[in-house]
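Only one structure is covered here, and it is reproduced in the block below.
Quick note: the coordinates plus some simple rules give every number you see, no bench work behind them. Note that the structure is predicted; figures quoted are calculated from it, not measured. A quick note on method: Cβ atoms are made from the backbone with ideal geometry, for glycine too, and the neighbour counts reach across all protein chains shown.
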Amino acid sequence: MKKLLALVVLMPLLSGCLAGMAFMSRRVAGGPADLYSDTMANEAVTDNAISAAKKGEACAASILGIITTGDASVQQAAANAGITKIGVVDNKYSNILGLYAKYCVVVSGE
């Protein structure tokens with residue numbers, strides 16, 4: 001019974017290690033054993049003096065850190081909104097129990 005209880009307690013933490021690792025190179029990512037993360041951070045600001053009239057987003061998702069799909073590139077985020085002049089690049093990261101993680105790049109510009 002103690003072994004079963006230990007397995008039930010450790011399983012979310014171990015799976016969190018896997019899913020969290022998929023995006024750990026990103027500064028906005030939380031720790032690999034976070035039960036829940038939902039953060040946003042600035043990645044870059046250009047010298048372009050433009051308004052943030054348009055906003056595009058591109059995302060990649062990971063399941064258990066084993067399967068990761070998506071295109072979270074700045075180019076894809078800009079293309080999704082028809083942006084030709086980039087002003088600001090932000091990123092978002094969310095992680096739920098280490099089972100599902102999502103990383104998005106948000107581009108603002110004209």
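Take each peptide in 93-104, 72-83, 36-47, count the other Cβ atoms within 10 Å of every residue, and average; sorted highest first, the result is 93-104, 72-83, 36-47. Only Lys, Arg, Asp and Glu carry charge here, each on its Cβ (+1 for the first two, -1 for the last two); on that basis segment 31-94 has a dipole of about 220 debye about its Cα centre.
Subtracting the Cα-Cα distance of Ser51 and Tyr100 from 0.36 nm times their residue separation leaves 14.2 nm of extension gain.
Bridgeable aspartates and glutamates around Lys54 (alpha carbons under 15 Å apart, same-chain partners fewer than 8 residues away excluded): Asp90, Glu110.
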